[in-house]
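Heads up: the structure comes next, in structure tokens.
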Amino acid sequence: MKLNATNKILIIQPEDPVREMLVEVFKKNNFEVLEAVDGADGFSKANNETGINVVLTALNMPRIDGREFLERKKNNEFLKDVPVVIYDNIASEEERQELLSLGAKDFLAKGTVSPDKLIQHIARAMQKGDYFFQIDPYALDAQQFVEDQHLPQNFKCTNCGADLAVKITIGDNKSMQTGIECPQCGTQYL
């Protein structure tokens, strides 16, 4: 997913040093950043802003914690369709399943993810039904497909050099569209 200045993230994190680090990472990657210290503050910020693309939240917070935030978000007109990524320590698979059932899109263990991986996970959470699959350009009929469709022989983007991928978009009614696209810069080939 190509990131640009129109991407807006709401970071809900009670620990000042962690929140400041996250803000710095996202600002360096062209996000507009909103900060909140807990879920109540997060709702306040969201209700006064438009165009939030994703929420990155902790679980353990005063007033409204991460679980309650996920529950309440379902009825908030500004956030109900916004993906939420949990940035905290998840104790067990049962806890992960509980958070998924509450509407979490992804999980990141606090302090163990590099800034690049953090951005990748957030970008993927924002894709809303888009999935990218890498292809081995030398497996099975891949070379014939590349040749027949006049794609670059090395299956690399001619714009940025990244590996091309099959992009599958799942629609609301479970319809599916496919194409060949560069997941790095968004250049479309088919």
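The values are calculated or read from the model by the stated rules, or taken from the named source; none is laboratory data. Because the structure is a prediction, the values reported are computed rather than measured. Note that we place each Cβ from the backbone using ideal geometry, even for glycine, and neighbour counts take in every protein chain shown.
For this structure, a couple of remarks:
- Residue in segment 124-131 that is aromatic (Phe, Trp, Tyr) and either within 24 Å of residue 38 (Cβ to Cβ) or assigned to a loop (DSSP other than H, G, I, E, B) (or both) present: no
- Flag if residue 144 is in a helix (DSSP H, G or I), outside the structural domain of residue 55 (by TED's automatic domain parsing) and loosely packed, with under 11 Cβ neighbours inside 10 Å: yes
- Members of segment 98-119 found to be polar (S, T, N, Q) and either within 20 Å of residue 69 (Cα to Cα) or surrounded by 14 or more Cβ atoms within 10 Å (Cβ to Cβ) (or both), listed by number: 101
- Qualifying residue in segment 155-164 (condition: part of a strand (DSSP E or B), of a type outside the set (Lys, Arg), outside the structural domain of residue 15 (by TED's automatic domain parsing) and farther than 30 Å from residue 19 by Cβ): yes
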